Amino acid sequence: MLGGILLNCDIIGNFNYNNAGGGVYISGLTCVVSNCVIANNGVTNGWPSSPGREVHAGGMYFLNGTVVNCDFHGNGTFGDGAASGAMRISGGGNPTVRNSLFYDNYCKNVLNGAIRVYNAGGTIQNCTIASNRCAG
């Protein structure tokens with residue numbers, strides 16, 4: 001998705017074998033994700049052509065925008081270099097995550113059971129982040 005709006009969506013049970021965004025991958029323009037459930041999604045670097053690459057964001061990968069009133073649970077990253085079980089915020093801009101719930105997300109290997117903020121500013125406000133885990 002190159003920007004836009006996700007409103008009142010259930011994004012459940014998806015899997016990506018190409019390194020980022022098991023449930024949602026948003027690049028480019030500013031996005032709004034509101035009142036969504038992003039659950040039980042996963043990502044790995046399972047293709048034979050990409051072993052050893054980092055793996056990001058079992059639930060959602062995005063560059064810029066706003067996430068509000070969303071529920072992220074049961075998402076995971078698997079494989080070598082796994083990071084950020086639920087969400088990765090990457091790049092520039094001024095992303096905002098507000099009034100959202102992050103629980104029971106999983107990272108197999110390296111960093112961040114719930115959220116990883118990488119090369120980005122932004123705001124995480126009034127969120128509950130609980131019972132996430134990382135095996136690394």
Practice task
Select from the stretch 26-58 the residues that are modelled with pLDDT of 85 or more, farther than 23 Å from Arg133 by Cβ and either touching a helix residue (DSSP H, G or I) at 6+ places or on another chain (Cβ under 6 Å) or assigned to a strand (DSSP E or B) (or both) and list them in ascending order.
Solution key: Cys31, Val32, Val33, Ser34
Exercise for the section: Identify all residues within the stretch 101-120 that are surrounded by 24 or more Cβ atoms within 10 Å (Cβ to Cβ) and modelled with pLDDT of 85 or more; write none if there are none. Expected result: Phe102, Asn105, Cys107, Ala114
Practice task
Keeping to the stretch 100-136, report how many residues are more than 13 Å from the chain's Cα centre (by Cα), over 20 Å from Ala39 (Cα atoms) and either aromatic (Phe, Trp, Tyr) or not in a loop (DSSP other than H, G, I, E, B) (or both).
Solution key: 2
Exercise for the section: Exactly one condition in (1) buried (at least 18 other Cβ atoms within 10 Å of the Cβ); (2) farther than 23 Å from Asn35 by Cα is not met by Val97; state its number. Expected result: (2)
Handout entry: Selection from the stretch 75-115 of residues that are under 19 Å from Asn14 (Cβ atoms) and either touching a residue at least 60 places away in the same chain (Cβ under 8 Å) or out of contact with any strand residue (DSSP E or B) (no Cβ under 9 Å at 6 or more places or on another chain) (or both)
Key = Arg88
Exercise for the section: Name every residue in the stretch 2-27 that is loosely packed, with under 15 Cβ neighbours inside 10 Å and farther than 17 Å from Gly42 by Cβ, in order of residue number. Expected result: Leu2, Gly4, Ile5, Leu7, Asn8
Completion exercise
For the stretch 66-87, the count of residues that are closer than 23 Å to Val32 by Cβ, buried (at least 24 other Cβ atoms within 10 Å of the Cβ) and at pLDDT 85 or above equals 6
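The values are calculated or read from the model by the stated rules, or taken from the named source; none is laboratory data. All figures in this text were calculated on a predicted structure; none of them were measured in a lab. Cβ: placed from backbone, ideal geometry, glycine included. Neighbour counts: every protein chain shown.
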